[in-house]
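Student: Here you go, one structure.
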């Protein structure tokens, strides 16, 4: 058995609100792509095959209305798109966003689908300003698409070297000797209290070996603690990308890493 997870949402609105809502979802999609540092992605308009209209639910008028709303919203948002005949779902047209992976291949991610048919089939209605019943319009939208596929794509996109805000393990503390473990655990607790994802490598291995492992595992920051750090209540910091940053106060380091996380550096 196979399954996948989608960040799916259904938006219900009046027909006159449709275009504005589509633009709002487009803005959300663009924000998310930029947050994950995707700069190469393409918009496609998936419409029905004009030669197989009998395979789609709903009338020509409903389909024309839905397709025109998507086209108008993308035009107003200044988006270039390709028209894909026959790629629509049976219940409505859609905007499909394809993200380029590390090999230049396109994978479908975000989707914005306009659906006039399901509200009609489910008998949905709202009371308008005229106190009469009216049928709403429905938008299906996923911002990331398949979560499993999106995460798999991210691993390739970053080559495993996730930015600090995304890294599963943000900080690894490496005590030089057993006598430094107690201080390392105090540092770990202080970081955890700030909601940092941190772990202490207290294995009886050489420091160089543990640093090399952390580097190969692409941990963004390594904290080395020894006699000098314990006596001065400081930490020695090593960056995955910048190398040795030297000794600093904990407050200086936490200010740095929290800023990187908040700004999604």
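The values are calculated or read from the model by the stated rules, or taken from the named source; none is laboratory data. Keep in mind it's a predicted model, so treat the numbers as computed, not measured. Every residue, glycine as well, gets a Cβ built from its backbone with ideal geometry; the counts of neighbours run over all protein chains shown.
Student: Which residues, counting only those in the range 32-63, are closer than 21 Å to residue 104 by Cα, part of a helix (DSSP H, G or I) and out of contact with any strand residue (DSSP E or B) (no Cβ under 6 Å at 6 or more places or on another chain)?
Tutor: Residues satisfying the conditions are 34, 35.
Student: Restricting attention to the range 248-257, does a residue exist that is in the same structural domain as residue 209 (by TED's automatic domain parsing), closer than 16 Å to residue 190 by Cβ, touching a residue at least 60 places away in the same chain (Cβ under 8 Å) and buried (at least 19 other Cβ atoms within 10 Å of the Cβ)?
Tutor: Within the range 248-257, one or more residues are in the same structural domain as residue 209 (by TED's automatic domain parsing), closer than 16 Å to residue 190 by Cβ, touching a residue at least 60 places away in the same chain (Cβ under 8 Å) and buried (at least 19 other Cβ atoms within 10 Å of the Cβ).
Student: Kindly indicate which of 65, 70, 144 is farther than 30 Å from residue 35 by Cβ and touching a residue at least 24 places away in the same chain (Cβ under 8 Å). I'd like the intermediate steps shown before the answer.
Tutor: Numbers: 70 fails: farther than 30 Å from residue 35 by Cβ; 144 fails: farther than 30 Å from residue 35 by Cβ.
Of 65, 70, 144, the one residue that is farther than 30 Å from residue 35 by Cβ and touching a residue at least 24 places away in the same chain (Cβ under 8 Å) is 65.
Student: Here is a check on your reading of the model: is residue 199 at pLDDT below 95, outside the structural domain of residue 58 (by TED's automatic domain parsing) and either farther than 30 Å from residue 14 by Cα or in contact with a strand residue (DSSP E or B) (Cβ under 8 Å, 6 or more places away or on another chain) (or both)?
Tutor: no
Student: Turning to a different aspect of this structure: Looking at 213, 252, 205, 217, which one is at pLDDT below 95 and out of contact with any strand residue (DSSP E or B) (no Cβ under 7 Å at 6 or more places or on another chain)?
Tutor: Exactly one of 213, 252, 205, 217 is at pLDDT below 95 and out of contact with any strand residue (DSSP E or B) (no Cβ under 7 Å at 6 or more places or on another chain), namely 205.
Student: Within the range 200-214, track down each residue that is surrounded by fewer than 16 Cβ atoms within 10 Å (Cβ to Cβ) and under 32 Å from the mean Cα position of the chain (by Cα).
Tutor: 212
Student: Against the definition (at pLDDT below 95 and either surrounded by 16 or more Cβ atoms within 10 Å (Cβ to Cβ) or within 24 Å of the chain's Cα centre (by Cα) (or both)), how does residue 225 come out, yes or no?
Tutor: It is false that residue 225 is at pLDDT below 95 and either surrounded by 16 or more Cβ atoms within 10 Å (Cβ to Cβ) or within 24 Å of the chain's Cα centre (by Cα) (or both).
Student: Picking from 189, 185, which residue would you name as being without any contact (Cβ under 8 Å) to a residue 12 or more places away in the chain and assigned by TED's automatic domain parsing to the domain that holds residue 256?
Tutor: Answer to the check: 189.
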